[in-house]
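Step one of this worksheet: look at the structure below.
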Amino acid sequence: MIVVREFAFRDLDAIVELMHDLGYPVSNAQMRKRMETIGSDPAYVTLVAEHDGEVAGMAGLRLLYAYEYDAPVVQIALLVTKAMYRGLGVGKALIRHAENWARTRGAHALVLTSGNRPEREAARHFYQRMGFIVTGLRFVKKL
């Protein structure tokens, strides 16, 4: 059974592990600081999905106002499922909760960016199966 709920600090070790799985190594201290900052902003929410009581995935959401639309959008800033739980509905449950969270905040759309590296191909197919469409490219310039 999959249960989706908001992040609690007891989940810190599990989400540090998920960040490593996603390719973003982070220490517990760094992640704690990030979660303290993110958790203090009501425009953000971090969801965790449990499969039989074990943290199996997480999603980070943020409410954004866009120049292009009258209604806000919700960005899925992060979505990851632990490899051993993929294909069991964890990602789907997180997306469904993201949709509900977005609707309750008056958002008209969910948006996300997925990497174009080969190891992200399965994720891109998952997003398309969940109803997302490709609308553009992402550019980054580090400062």
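Quick note: the coordinates plus some simple rules give every number you see, no bench work behind them. Note that the structure is predicted; figures quoted are calculated from it, not measured. As a convention, Cβ positions derive from the backbone with ideal geometry for all residues, glycine included, and neighbour counts pool all protein chains shown.
Quick notes on this one:
- Distance between the pseudo-spin-label points of ARG5 and TYR67 (7 Å out from Cα toward the beta carbon): 4.2 nm.
- A crude spin-label estimate for the pair ILE38 and VAL111, with each label 7 Å from Cα along the Cβ direction, gives 1.9 nm.
- The lysines within cross-link reach of LYS92, meaning a Cα-to-Cα straight distance under 21 Å and a gap of 8 or more places when in the same chain, are LYS82.
- For the chain, a Gaussian network of Cα nodes joined below 10 Å ranks PRO118, PRO72, PRO25 by mean-square fluctuation, and the top entry is PRO118.
- Under the criterion of Cα pairs below 8 Å and six or more residues apart, the relative contact order for segment 2-129 equals 22 percent.
- GNM on the chain, alpha-carbon springs under 10 angstrom: the most fluctuating residue among LYS92, LYS33, LYS82 is LYS33.
- Part-to-part distance (alpha-carbon centres) for segment 28-92 and segment 105-132, which is given in Å: 13
- Long-range HN-HN contacts of ALA66 with modeled amide H, under 5 Å: VAL73
- Gain in span if fully extended, HIS125 to GLU54, counting 0.36 nm per residue against the direct Cα distance: 23.0 nm
- When the chain is treated as a Gaussian network with alpha carbon springs shorter than 10 Å, the biggest mean-square fluctuation among LEU47, LEU63, LEU88 belongs to LEU88.
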